[in-house]
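Data first, discussion second: the structure below is written as structure tokens.
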Amino acid sequence: MKRPRKGAKSQPTARHPRKKPTITAILAERGIIVATLAGIPKRDRADVEQAVLIGAWSAVKRGKYRPDPKDEPRAALRKWLHGISWRQAGKYFEAAYTRRVILDPQPLGRLREPVGIDLHAQIEAREVLEALAELPDWQREALLSVNDPESLVAYARRRGMKPGTAASRLRIAREALALRLRRWR
């Protein structure tokens, strides 16, 4: 005997007909959105407002805006936008990606101490350069071609070889460099 399925037998039917307000009508009610988002920090308010407007417009396009015909159209739209704004504000406050820092165009200017290259990093860089110098010319050239702005295909054409050959040489050169660096350490 088959068990009956839990939950509703079918989706609930919509109580009201779909309405499609224009984007200008939604933008005209921007004041209710801004008022609802007043608790969000100023630096993020525009982003959350944008999320509200995009969410509202996509809901309208999917036919999710179904106001009660008894309500005045503008009041119904304002209530609906207030609900979307409220939910987006809740998502903002509970989100892990909420910014907690303010980016600075000159971050090094805020440091109290002068910043220099670490001595350990200098030694490692010197070891890499020495290992690179010990490689054969074709391997060194293949490794240094990665730093060029041209693609690997253009590099291969310039050298008169197939792109697969260039990729293979690059792979071999990387493996050789990795092997030499492992021996150094």
**OP:** Run down 67, 73, 136 and say which single residue is within 30 Å of residue 182 (Cβ to Cβ) and modelled with pLDDT of 90 or more.
**Re:** 136
Original post:
Within segment 5-22, is even one residue at pLDDT 90 or above, in a helix (DSSP H, G or I) and surrounded by 10 or more Cβ atoms within 10 Å (Cβ to Cβ)?
Top reply: no
**OP:** Kindly list, by first and then second residue, each pair from a residue in segment 1-26 that is over 15 Å from residue 77 (Cβ atoms) to a residue that is at pLDDT 70 or above, limited to pairs with Cβ atoms under 6 Å and residues at least 6 apart or on different chains.
**Re:** 14/66
Original post:
Out of all the residues in segment 33-50, which are in contact (Cβ under 8 Å) with a residue 40 or more places away in the chain and surrounded by fewer than 17 Cβ atoms within 10 Å (Cβ to Cβ)?
Top reply: 39, 43, 44
Original post:
Can you find a residue in segment 67-77 that is surrounded by 14 or more Cβ atoms within 10 Å (Cβ to Cβ), assigned to a helix (DSSP H, G or I) and not aromatic (Phe, Trp, Tyr)?
Top reply: yes
**OP:** With the condition kept exactly as written, say whether any residue in segment 86-95 is within 14 Å of residue 27 (Cα to Cα) and at pLDDT 90 or above.
**Re:** no
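The values are calculated or read from the model by the stated rules, or taken from the named source; none is laboratory data. Please read all numbers here as calculations on a predicted model, not as lab measurements. Please note: Cβ atoms are built from the backbone with ideal geometry, for glycine as well, and neighbour counts cover all protein chains shown.
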